[in-house]
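Scroll down for the structure; my scribbles are underneath it.
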Amino acid sequence: MELAWYALLGLFFATYLVLGGYDYGVGLLLARRATAPRAALTAVGPFFLGNEVWLVAAVGILFGAFPLLEGELLAGFYPAVLGALAGVVLVTAGVQLRSRPRTEAARAAWDRVVVAGSTLAVLGWGALLGGLLQGVPLRADGHVAGVGHLFTPFVAAAALAMLALITVHGAMFLTLRLPAADVPPVARLARGLVPAAVAAVAAATVLGLLSDRVRAAVARPALAVLLPVALVAALLVARAALGRGRSGVAFAASSAALALPVLLVGAALWPRVLVSTGDPGTSLTVADAAASGPTLSLLGWLVLPLLPALLGFQAMCWWVFRGRTDGRAPVYW
């Protein structure tokens, strides 16, 4: 049962990264002015609040099904977690309040808030995943010792790789939603960003292979190499599809690339969830971090209707707001 809940937690967080990722990607692109900020935010506007629901659901599963893990994540990763949550709040506030001022200067200020919030959120989630994959210093009592483990070259590289991936994903999303006349410059930007994302992923992978901490934490080295290769392949597929004008394929491929880091962390560390960089005996396993069997059974009755409801809501949003903001349908395949 613990495996099922662990997989469900990974599914919810990966879905949040994919759906919320294009929100933050669009926010990051406001700094480049690749398209008019109003057009970009109009494209993402109908979706971004609904996308955050997946984060709330993931946090709910973490709190209910893995209370011990939740406590250690908040204690040992609080700079990353607080930075990410602060970024989520800033993005939400910026998008909601941007349209209220009447002056362009005030709107530009809110645009900068969205860019800053997107940057914080993306770097925070990337640092969290990188820190988990690297392992943490656990004391004899099982608690994480300090937050110094977040300030390493590998964690920084993982956070920057996530930033590059999210930016590409946001550009891919805009090629689906912007008016057809506005797509070519964004498509060129997206194709140009893919090599930078590939380089960032490659740098993080190399640093991971060179890091004693990462090599000691990873239980399945083959997966730790194969999944980044699959991620790079997905980015290249996205770039090739966009070059052929197949924006749907490109967006699906960038979505797969964003889900793979969560799969990498979960599969490479299993059956452990917090790997001790000191005494391996103090590592926290998924079974130890999970709540009791009766608690998980009770939560199952609560989550059972939640997942189809979330999926149905997401499908409804995409159906109602399908196509471009000018009313035309994009080329999916």
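The values are calculated or read from the model by the stated rules, or taken from the named source; none is laboratory data. As the structure is a computational prediction, the values presented were derived from the model and not from experiment. Heads up, the Cβs are rebuilt from the backbone with ideal geometry, glycines too, and the neighbour counts pull from every protein chain shown. Keep in mind that these areas ignore ligands, DNA and RNA; they rest on the heavy atoms of the full protein, side chains included. Shrake-Rupley method; radii C 1.70, N 1.55, O 1.52, S 1.80 Å.
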Here region 73-85 yields Karplus 3J(HN,Hα) values (6.51, -1.76, 1.60; θ = phi - 60°; whole Hz; Gly and Pro given as x) of 5, 5, 7, x, 10, 4, x, 5, 5, 5, x, 5, 5
With a 1.4 angstrom probe the carbon and sulfur portion of accessible area for the chain, in percent, totals 71
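If you put +1 on each Lys and Arg Cβ and -1 on each Asp and Glu Cβ, how big is the dipole of region 191-333 around its Cα centre, in Debye rounded to 20?
On the way: 11 positive and 4 negative charges, 139 e Å.
For region 191-333, the charge dipole is close to 660 debye.
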Mean-square fluctuation maximum in Gaussian network of the chain, Cα pairs under 10 Å, restricted to LEU299, LEU274, LEU138, hits LEU299
With Cα springs under 10 Å, the Gaussian network model of the chain assigns the largest mean-square fluctuation among SER255, SER276, SER292 to SER292
Rounded to the nearest 10 Å², the 1.4 Å probe accessible area of LEU302 is 110
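If you average the sequence gap of Cα pairs under 8 Å that are 6 or more apart and divide by the length of region 104-231, what percent do you get for the contact order? Spell out each step's value before the answer.
Details: 102 pairs, mean separation 33.8, N = 128.
It rounds to 26 percent for region 104-231.
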For region 184-298, the convex hull over Cα atoms projects on average to an area in nm² of 9.4
Long-range amide H partners of LEU274, meaning residues 5 or more apart or on another chain whose placed amide H is closer than 5 Å, are LEU284
In nanometres, the difference between 0.36 nm per residue of separation and the alpha-carbon distance of ARG38 and ALA222 is 61.8 nm
Other residues with Cβ under 13 Å from the Cβ of SER99 give, with Lys and Arg +1 and Asp and Glu -1, a net charge of +3
Long-range alpha-carbon pairs in the chain, meaning those over 37 Å apart, account in percent for 16
With the 1.4 Å probe rolled over protein heavy atoms, the chain has an accessible area per residue in Å² of 43
Using a 1.4 Å probe on heavy atoms of the protein chains only, the accessible area for TRP270 in Å², nearest 10, reads 70
Given unit charges at Cβ for Lys, Arg (+) and Asp, Glu (-), the dipole magnitude of the chain about its Cα centre in debye, nearest 20, is 1400
Rounded to the nearest 10 Å², the accessible area of ASP279 using a 1.4 Å probe with every protein chain kept is 90
In nanometres, the difference between 0.36 nm per residue of separation and the alpha-carbon distance of LEU236 and TRP319 is 27.1 nm
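Once you list every other residue whose beta carbon is under 11 Å from the beta carbon of ALA121, what net charge do they have if Lys and Arg are +1 and Asp and Glu are -1? Spell out each step's value before the answer.
Values: positive: none; negative: ASP23, GLU52.
Net local charge, ALA121 excluded: -2.
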In the neighbourhood of GLU72 defined by beta carbon distances under 15 Å, the net charge of the other residues (Lys, Arg +1; Asp, Glu -1) is -1
Once phi for every residue in region 157-171 is put through the Karplus expression 6.51 cos²θ - 1.76 cosθ + 1.60 (θ = phi - 60°), the whole-Hz ³J(HN,Hα) values, with Gly and Pro written as x, are 5, 5, 5, 5, 5, 4, 4, 5, 5, 5, 5, 4, 4, x, 5
Once phi for every residue in region 188-204 is put through the Karplus expression 6.51 cos²θ - 1.76 cosθ + 1.60 (θ = phi - 60°), the whole-Hz ³J(HN,Hα) values, with Gly and Pro written as x, are 5, 5, 4, 5, x, 7, 4, x, 5, 5, 4, 5, 5, 5, 4, 5, 5
Given a Förster distance of 30 Å, the FRET efficiency implied by the Cβ-Cβ spacing of LEU49 and ALA181, rounded to the nearest 0.05, works out to 0.60
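Identify the trypsin sites (Lys or Arg not before Pro) of region 193-285 meeting these criteria: DSSP loop state and at most 13 other C-beta atoms within 10 Å of the C-beta. Walk me through the intermediate numbers first.
Numbers: sites: ARG213, ARG215, ARG239, ARG244, ARG246, ARG272; in loops: ARG244, ARG246.
Loop-located and lightly packed - ARG244.
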The chain, Gaussian network, Cα under 10 Å: of LEU82, LEU304, LEU128, the residue fluctuating most is LEU304
Both in Å, the radius of gyration and Dmax of the C-alpha trace of region 64-144 are 16.9, 58
